[in-house]
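Note sheet for the following structure.
The values are calculated or read from the model by the stated rules, or taken from the named source; none is laboratory data. Keep in mind the model is a prediction, meaning the values are calculated, not measured. As a convention, Cβ positions derive from the backbone with ideal geometry for all residues, glycine included, and neighbour counts pool all protein chains shown.
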2 protein chains.
Amino acid sequence: MSEKITIYDIAKKLNITAATVSRALNNSPKIKDSTKKLVLETAASMNYKQNKLALALKSGRSNNIGVIVPRIDSNFFASVIRGIEEELYSHGYQVIICQTHENPKRENENLYTLIDAQVDGILMSVTDVTSENDGAFRNVLEKNVPLIFFDRSKHIDGVSSVTINDFKGGYIATKQLISQGCKYIAHLSGDLSLEIFKNRFLGYKQALLDNGIQFNEKYVIQSKSSVEAGKNAINILLELETPPDAIFSSSDFAALGAIQELRDRNISIPQEFCVAGFSNEPFTKFMELSITSVDQSPLEMGRMSARVFLEQAGKTDTIKIEKKVVLAPELHIRKSTSRINL
Amino acid sequence: MSEKITIYDIAKKLNITAATVSRALNNSPKIKDSTKKLVLETAASMNYKQNKLALALKSGRSNNIGVIVPRIDSNFFASVIRGIEEELYSHGYQVIICQTHENPKRENENLYTLIDAQVDGILMSVTDVTSENDGAFRNVLEKNVPLIFFDRSKHIDGVSSVTINDFKGGYIATKQLISQGCKYIAHLSGDLSLEIFKNRFLGYKQALLDNGIQFNEKYVIQSKSSVEAGKNAINILLELETPPDAIFSSSDFAALGAIQELRDRNISIPQEFCVAGFSNEPFTKFMELSITSVDQSPLEMGRMSARVFLEQAGKTDTIKIEKKVVLAPELHIRKSTSRINL
């Protein structure tokens, strides 16, 4: 194990004070150029390495960016992170990632962990349950660390966000189901207190109204983003007096569960029942019965979030300017909603 | 923005030196208990918050653990990380994640980023290409930070690892193909300079020999872990004079690509051609033509890696003890290799 060289060793060698060495290494105007040169040369010859963390404490910059996501095992979030990394890496930033597992307490801890790790910015998507983390968010802003929400955002003064037009996403998916002749269209929603799920629901509702189909609140099932939740939803929906003939799901995982349950009951897709999902997870394309889904341009969302961060980085005067970027969703029509074969 | 309270403010209020305040806050034996009590009470009343990072610099502990993986958008790595988090969270550790994208330069940068962020340990899976990062690995060990490899490991003195028995995984998958009557079994391997891919290949080869099937090196295609690579491999293999009638792939993604290409050529699976993969990615189970795959117990691998870290944490005397944990693989037999219907 090598003995670490400190500024005290350099000071001793040059017979000057440690404070002078420190100031020289940090390019203080109080130190003569000749002294700076001497200290730098001596430090190099002694193989001295400045602790980047100690530097971060002084300069307030670490060149690390924190990203917080609900889960990493979702192609959507993994792709957003890839976009963030692609954009920031060329600017010399390293990305470190934390996941909340949809737990507000973990979200709170992640925020403090990243601040303690001296990140220069935090890009995040909030948990799908209402949280009381306003104190933790405020703590980030008070430290002058830019905070940017992507996909799932909260209304906080001074915080920018990059989202997609979820209303439109819900609208175009539902309209496609209507175009296939579906008349009793159910909706698997997430937690409607979250903007993204509320807007997908509102888009669904508007598409029904615009096409002369009555909205039936029994057809709206609030469910988690899981295969199991999709199966359960089918069990509830098929018990209704007039069971639905289609589902627009706010989650691809729930859409997949619905399809599996429909098949177990020998209900043919898309002939008897159409299913559309949201997020364009890779499995929706890979499956033999491919699933129609709304693409959210995750790579672009990541790149855009990174660019919004770069605009704010280090500019304390502009940090309170909110920027709201809204990307357009794109519907990928596949077998699960194509009664006339594509 | 709130003005930050420092030890100087506390010192001024109590009319003692900042050094005394600092020693009291850090529970130094040089300070009288009565003074410590006074300082702590005053600090609390002034709403003083110690900078955790500054504390980390002093104590050498941050309670953060770094995890480095090739990619997060793989169910395997995401599940290992979940296992690590489950085990460490109850011990008060937060996990921060970096990805290499299979790039040795990024791997190197990740190692330094995490050390700079003062992590207490690094748990990682190396890139799938040979790297020259021995200096970066040594730097971690010289800082007395436990380094533990999982799944993909390297031989480095003093570094523990948690892997599965890849040889056995390759063996049981190949044997299952033989049991279905397949006689010309090809293998899609990863980079054979990596232990895991070499061992899967050796298990495949041994299963052939043990069952009286000659090994044919033309049947071994070194390919990346991607759908595209699997498609390309089929194009090469079907051009051979005696094309194979089965594939054991070291990657589920390559297995999926092979299946897609076989279907495009109207070759029926499993009747004419059997395909087995490795990793038990969720899509292998979700597909209508489900794919046989070797499960690597990722959750257990993550928990075990975390436990190996906990054994080493803070014990500088034991840190040079290597521990090699090898988990057993499990074959999940599905439609893609079941000629007699299951």
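Considering the range B:293-310 alone, what residues qualify as being among the acidic types (Asp, Glu) and assigned to a helix (DSSP H, G or I)?
B:Glu300
Got at least one residue in the range A:281-291 being out of contact with any Gly (no Cβ under 9 Å at 6 or more places or on another chain), touching a residue at least 12 places away in the same chain (Cβ under 8 Å) and within 29 Å of A:Asn144 (Cβ to Cβ)?
No, every residue in the range A:281-291 fails to be out of contact with any Gly (no Cβ under 9 Å at 6 or more places or on another chain), touching a residue at least 12 places away in the same chain (Cβ under 8 Å) and within 29 Å of A:Asn144 (Cβ to Cβ).
Yes/no matrix, rows are residues, columns are (1) within 14 Å of chain A (Cβ to nearest Cβ); (2) assigned to a helix (DSSP H, G or I); (3) modelled with pLDDT of 80 or more; (4) on the phi < 0 side of the Ramachandran plot:
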site	(1), (2), (3), (4)
B:Ile5	yes, no, no, yes
B:Ala19	no, yes, no, yes
B:Val39	no, yes, yes, yes
B:Leu55	yes, yes, no, yes
B:Ile65	yes, no, yes, yes
B:Ile68	yes, no, yes, yes
B:Phe77	yes, yes, yes, yes
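Which residues, counting only those in the range A:88-102, are away from chain B (no Cβ under 11 Å) and surrounded by fewer than 20 Cβ atoms within 10 Å (Cβ to Cβ)?
A:Ser90, A:His91, A:Glu102
I'd like to verify a number: residues in the range B:295-304 that are within 14 Å of chain A (Cβ to nearest Cβ) and surrounded by fewer than 23 Cβ atoms within 10 Å (Cβ to Cβ), how many?
Looking only at that region, the number is 1.
Name the single residue that is farthest from the other protein chains (Cβ to nearest Cβ) among those in the range B:110-132 being of a type outside the set (A, V, I, L, M, F, W, C) and within 17 Å of the chain's Cα centre (by Cα).
Selected residue: B:Thr130.
Could you tell me how many of the residues in the range A:257-294 are aliphatic (A, V, I, L, M), facing chain B (nearest Cβ under 10 Å) and closer than 16 Å to A:Glu228 by Cβ?
Final tally of qualifying residues: 1.
Could you list, in sequence order, the residues of the range B:142-161 that are on the phi > 0 side of the Ramachandran plot and away from chain A (no Cβ under 14 Å)?
B:Asp151
Could you give every pair whose Cβ atoms fall below 6 Å, whose first residue belongs to the range A:262-278 and is outside any loop (DSSP other than H, G, I, E, B), and whose second residue is among the charged types (D, E, K, R) and crowded, with 24+ Cβ neighbours inside 10 Å, counting only separations of at least 6 or pairs across chains?
Note: pairs meeting the criteria are A:Gly277/A:Asp252.
Consider B:Ile164 against the criteria (1) more than 12 Å from every other protein chain (Cβ to nearest Cβ); (2) more than 29 Å from B:Thr337 (Cβ to Cβ); (3) touching a helix residue (DSSP H, G or I) at 6+ places or on another chain (Cβ under 8 Å): it satisfies all of them except one. Which criterion is unmet?
Unmet condition: (2).
Taking the criterion of being buried (at least 18 other Cβ atoms within 10 Å of the Cβ), more than 22 Å from B:Arg307 (Cβ to Cβ), out of contact with any helix residue (DSSP H, G or I) (no Cβ under 7 Å at 6 or more places or on another chain) and more than 14 Å from every other protein chain (Cβ to nearest Cβ), would at least one residue in the range B:189-197 satisfy it?
yes
Could you tell me whether any residue of the range B:281-292 is among the charged types (D, E, K, R), at pLDDT below 95, in a helix (DSSP H, G or I) and in contact with a strand residue (DSSP E or B) (Cβ under 8 Å, 6 or more places away or on another chain)?
Scanning the range B:281-292, I find at least one residue that is among the charged types (D, E, K, R), at pLDDT below 95, in a helix (DSSP H, G or I) and in contact with a strand residue (DSSP E or B) (Cβ under 8 Å, 6 or more places away or on another chain), so the answer is yes.
Which condition number in (1) under 22 Å from B:Lys175 (Cα atoms); (2) out of contact with any Leu (no Cβ under 9 Å at 6 or more places or on another chain); (3) hydrophobic (A, V, I, L, M, F, W, C); (4) modelled with pLDDT of 95 or more is the one that B:Leu192 fails?
Against the list (1) under 22 Å from B:Lys175 (Cα atoms); (2) out of contact with any Leu (no Cβ under 9 Å at 6 or more places or on another chain); (3) hydrophobic (A, V, I, L, M, F, W, C); (4) modelled with pLDDT of 95 or more, B:Leu192 comes up short only on (4).
Of all the helices (runs of 4 or more DSSP H) wholly in the range A:116-230, which have at least 1 residues that are among the aliphatic types (A, V, I, L, M) and without any contact (Cβ under 8 Å) to a residue 12 or more places away in the chain?
Those helices (runs of 4 or more DSSP H) span A:195-210.
Right, A:Lys315: away from every other protein chain (no Cβ under 14 Å), at pLDDT below 95 and surrounded by fewer than 16 Cβ atoms within 10 Å (Cβ to Cβ) or not?
Spelling it out, A:Lys315 is indeed away from every other protein chain (no Cβ under 14 Å), at pLDDT below 95 and surrounded by fewer than 16 Cβ atoms within 10 Å (Cβ to Cβ).
Look at B:Ala207 and say whether it is more than 30 Å from B:Asn63 (Cα to Cα) and crowded, with 24+ Cβ neighbours inside 10 Å.
Considered against the rule, which asks whether it is more than 30 Å from B:Asn63 (Cα to Cα) and crowded, with 24+ Cβ neighbours inside 10 Å, B:Ala207 comes out as no.
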